[in-house]
Each structure stands twice: as C-alpha cells, then as structure tokens.
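The values are calculated or read from the model by the stated rules, or taken from the named source; none is laboratory data. In this text the structure is predicted, and so the values were computed from the model without any measurement. Neighbour counts are summed over all protein chains in view; Cβ atoms, including those assigned to glycine, are modelled from backbone coordinates with ideal geometry. Calculation scope for accessible area: heavy atoms of the full protein, side chains included, ligands and nucleic acids excluded. Shrake-Rupley method; radii C 1.70, N 1.55, O 1.52, S 1.80 Å.
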Amino acid sequence: MKLVGIAGSIADQSYNRTLLNFIAKHFKGIVDIDVLDINEVPMFNQDDDQTNSAVIQNLSKKISAADGVIIATPEHNHSVPAALKNVIEWLSYEIHPLDGKPVMIVGASYHTQGSSRAQLHLRQILEAPGVNAIVLPGNEFLLGDVKSAFDDNGDLKDQRTIDFLQTTLKKFVMFAKVINMIGKTDDYENEDLSAKAGTDTTIEGVDMNADDWLDQASKKVNAVEGKTYVKLDSGLLTVDQLNYFLKTIPIELTYVDENNQFIYYNRALPTEDMLAKRTPAQVGDALDKVHPAINRVITHVKQVINALRNGKTDLVSMPVPGGDEEKHHVMHYYKAMHDEDNNYKGVNEWAVDIKPIVDEYLKSTGQKLVKDPDAKLDTTSGASKAPAKAEVDAISGASEEPAKPEVKADVTSGASKA
C-alpha cells in the first residue's frame with residue numbers, strides 16, 4: 001500500500017519527521033511511504049492564490065495518488081503548528097486532495113502527553129467541510145519524552161512502542177483498504193436512504209419512522225405471531241420458534257431491505273450491551289433517520305449499500321478499532337442478499353466479536369498466536385494502550401460518531417515543540 005507522510009514541523013531538527021522516516025524504513029514490508037516536504041509552502045492568503053504553484057500542486061498530486069496519509073504533528077500551545085495548519089488551508093481552498101482520503105495521525109512531543117491535544121485538534125480540522133478527510137478513529141500513537149526515544153540511527157529504542165506502532169499501522173492499512181474500496185463507487189450519491197421509493201414488501205399507510213412502527217405495521221397486514229407455523233425453504237417453525245432461534249444466535253444480525261428501510265434486528269442483548277447499538281424504536285426507520293445527520297457518515301453508508309446493490313462487491317467487512325483490544329476484536333460484515341432471480345433484496349449485516357472464538361480454538365488445540373516478523377498480511381494484533389471507544393457507523397442500527405479521545409490536562413503550558 002502506497003502512503004504519503006507529512007510532518008507538521010518545518011524545523012531542521014524535527015522529531016516528527018524522524019518518526020515518519022522510521023515508520024517508512026522499519027515497516028517497508030507493510031507500506032511504501034513517501035515523506036513529503038512542506039518547508040517551501042507559502043503562507044496562505046486568499047488574495048494571493050498560489051494553488052497552482054509547483055509546491056502545492058506537487059503535494060496535491062502525491063496525496064491524490066496515495067492510498068492514505070500519515071500526519072505526524074508536534075504540539076504548539078495545545079494545538080497543531082502553524083506550518084501544518086497552513087498546508088491544510090491550501091489543500092482545502094481551491095483543491096481538495098484530502099476529501100475522502102484515509103488519514104492516520106501520530107505525534108511526538110518533548111513532554112509525556114505526546115501531542116495528545118494537538119492530535120485532538122487535528123482530528124477536528126481534518127473533518128471540517130472542505131477538508132473532509134476520513135481519520136482512523138481511536139488508535140492514538142502518542143510518543144512522549146521524544147528526546148530520549150530514538151537512538152543515533154533514528155530508530156525507536158523501545159520494542160513495546162515499536163510493536164504498538166506496528167499494530168496501529170496494520171489497522172490503518174485495513175481501514176484504508178475498506179475506505180478506498182467503497183470510495184470507488186461512482187454512483188453512490190444516487191443511493192436514496194430515505195426509503196421513499198418503496199418496494200413490493202413496503203407496508204403502505206404506516207409512518208415508517210414511528211417509534212411503534214412494528215405494532216402498527218403488524219396490525220396493518222395482520223402479521224402472524226406466536227404459535228402460527230411458517231414454512232421456510234428448509235424447515236417448518238412457529239413464529240415463537242423463529243424468535244427463539246434468532247435471538248440465541250451468538251452474533252448481532254440486522255436486515256435492511258432493498259428500499260433502505262431498517263426492518264429487523266435480533267434483540268438478544270439490551271441495547272447498552274450490543275456491539276452495534278440498536279433500539280426497538282428504530283425498527284421500521286429509513287436509514288437516513290437511523291444514522292446521524294453527518295455528511296461523511298451518510299456518504300459512507302451510501303457507498304457501502306450502493307456497492308452491494310450494484311454488484312461491485314458481494315461482501316464488505318471491516319474491523320472496529322477501539323475498545324479493549326486484549327478482550328475484543330469486533331468485526332462487522334455487510335452481505336448483499338438476493339432472491340431466486342438474483343434481484344437485490346437488501347443487506348444482511350452481522351457484528352461479531354471474534355476474540356472469544358479464536359481464544360477457544362487455541363485453547364482446545366493447544367496452540368498459541370505468535371507474531372510473524374515477515375508477515376505482510378493486513379491483520380490486526382496486539383493491545384491498544386489507550387484507545388478511545390468507538391461506536392460503529394453500522395449500516396443498520398444505531399450509528400454514532402466515533403468517540404473523541406479523552407484528553408486529561410497536565411500542568412504544563414506553552415509550546416511543546418518537536
């Protein structure tokens with residue numbers, strides 16, 4: 001995977017540039033990183049538009065051609081350096097190479113917090129209209145006490161730090177692949193999440209966004225329940241038996257029909273205990289009501305559904321960064337459903353924590369997982385030291401913005417330069 005790296009400092013001795021160079025050198029078996037120079041970028045001024053200058057056009061072309069971007073930021077006065085903000089101004093004025101581009105943030109600082117406040121601020125900047133980058137949630141890499149972190153060759157000294165950096169980088173590679181795959185859908189903007197078109201199974205005369213849609217719709221069509229038998233293609237079950245069966249399947253299931261109406265989930269756990277939180281009141285909702293009214297979230301939902309609807313892919317899978325990585329590894333899968341004539345009939349989404357499954361397999365077979373130093377697979381491993389808990393923008397169910405990292409103030413002030 002081809003990435004570009006941008007160091008937010010233009011100082012001659014930049015530890016953040018050293019960090020990027022180390023990543024490019026040490027992990028060249030995983031990624032190919034081109035560390036870009038921003039030293040010659042002019043001061044942003046709308047009255048003196050230099051968008052077409054060679055230095056800015058070069059940055060734009062390199063970023064546009066890359067699969068993702070890694071930004072290493074110092075912390076100056078609790079925020080990003082002026083040089084980095086200046087670059088982003090140029091790249092969000094007349095040209096927008098960061099729009100839809102996967103971005104990973106890292107940072108190094110003289111002090112123990114490792115540019116945490118600058119990273120938080122940078123996330124907000126990158127999500128601003130006109131920038132619209134897609135930032136890897138959670139998985140913060142905060143390198144503190146940077147003066148003693150590197151040896152004379154520019155290599156990180158601490159193996160645990162290197163291992164954690166590798167874990168985070170592998171997650172970003174997987175994240176970037178998913179984002180780039182769904183971003184290639186050309187006609188996703190026409191995907192209607194309001195479910196207004198209707199299908200042959202849409203229940204007319206009932207407000208689909210009503211909290212009691214299930215009760216109203218069931219009454220409208222005289223839906224069977226209880227001990228009434230339902231003939232399936234490979235079985236005969238009562239409605240009660242179907243409910244027992246679906247609610248005890250150890251994964252979270254969701255059905256979104258071809259009209260983008262959220263019509264079912266297997267309520268095996270209380271909402272607060274679910275991997276992808278859903279509520280009974282959401283059943284029946286159009287997807288534009290299920291998801292938060294945030295442009296990038298809606299865009300991603302449209303891209304995934306449109307790719308499945310149009311056969312560009314039959315399955316989208318992605319890990320969910322954040323949470324306690326030692327105890328959980330949550331995966332979300334989105335599978336296109338079709339009828340006997342291969343007509344698209346919606347999305348089958350399932351969310352599952354695969355960590356207990358892997359642990360049970362290892363226990364029963366007497367095996368263990370070990371790191372492969374030569375592996376080039378997009379696997380995720382290791383424990384995240386202090387990730388923010390992220391709620392998934394699930395295609396079906398309650399979608400929330402990834403939680404922002406919790407930042408605890410320290411007693412230092414002023415510019416933590418690196």
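Net charge of the neighbourhood of L36, taken over other residues with C-beta under 14 Å away and scored Lys/Arg +1, Asp/Glu -1, is +1. Taking every C-alpha pair closer than 8 Å and separated by at least 6 residues, the mean separation divided by the residue count of the chain gives a relative contact order of 18 percent. Working from label points 7 Å from Cα in the Cα-to-Cβ sense, the Y264 to D47 distance is 6.5 nm. Recomputing percent of Cα pairs over 34 Å apart from the coordinates shown identifies the correct label among (i) 42; (ii) 30; (iii) 38 as (iii).
Does anyone have the angle between helix 295-309 and the longest principal axis of the chain? Alpha-carbon axes, 0 to 90°, nearest 10? Tilt relative to the chain: about 50 degrees.
Between the helical axis of 54-65 and the longest alpha-carbon principal axis of the chain there is an angle of about 30 degrees. The alpha carbon gyration tensor of region 203-299 gives principal lengths a ≥ b ≥ c with a/c of 1.5 or higher and a/b no greater than b/c, which makes the shape oblate. Summary of packing: across the peptides 359-368, 29-38, the per-residue average of other C-beta atoms within 10 Å ranks them, highest first, as 29-38, 359-368. Taking label points 7 Å from Cα along the Cα-to-Cβ direction, Q159 and K2 give a separation of 3.6 nm. A simple spin-label model places the labels of D12 and T271 6.0 nm from each other, with each point 7 Å out along Cα-to-Cβ. The count of lysine pairs in region 183-299 that are at least 8 places apart or cross chains, and whose C-alpha atoms lie under 30 Å apart, stands at 23. When the Gaussian network model of the chain links Cα atoms closer than 10 Å, the mean-square fluctuations of G138, G198, G100 top out at G198. Computed extension gain for D207 through I357, at 0.36 nm per residue and net of the alpha carbon distance, reaches 49.9 nm.
Ranking G205, A7, F22 by how far each Cα lies toward the positive end of the dipole of the chain (charges on Cβ) leaves F22 at the top.
Across region 236-252, computed HN-Hα scalar couplings (Karplus, 6.51 cos²θ - 1.76 cosθ + 1.60, θ = phi - 60°) run 10, 10, 7, 4, 4, 5, 4, 5, 4, 5, 5, 6, 9, 5, x, 9, 8 Hz from first to last residue, x flagging Gly and Pro.
Here's the list of aspartates and glutamates a cross-link from K28 could span, going by alpha-carbon distance under 16 Å and ignoring same-chain residues fewer than 8 apart: D67, D155, D163, D372, D374, D378.
Centroid-to-centroid, using Cα positions, region 211-251 and region 54-120 are 51 Å apart. Here r is the Cβ-Cβ distance between H26 and K335 and R0 is 30 Å; the resulting FRET efficiency, rounded to 0.05, is 0.20. Between the amide H of I33 and those of L3, distances stay under 5 Å, these residues lying 5 or more places away or on another chain, with hydrogens modeled in the peptide plane.
Taken per residue, the accessible surface of the chain reaches 51 Å², heavy atoms only and a 1.4 Å probe. Sparse packing (at most 11 other Cβ atoms within 10 Å of the Cβ) combined with a DSSP loop state is found for the following trypsin sites (Lys or Arg not before Pro) in region 16-124: K28.
Over region 296-345, calculate the relative contact order: mean separation of alpha carbon pairs under 8 Å at least 6 apart, over the residue count, as a percent.
Values: 40 pairs, mean separation 14.4, N = 50.
Normalised by residue count, the contact order of region 296-345 is 29 percent.
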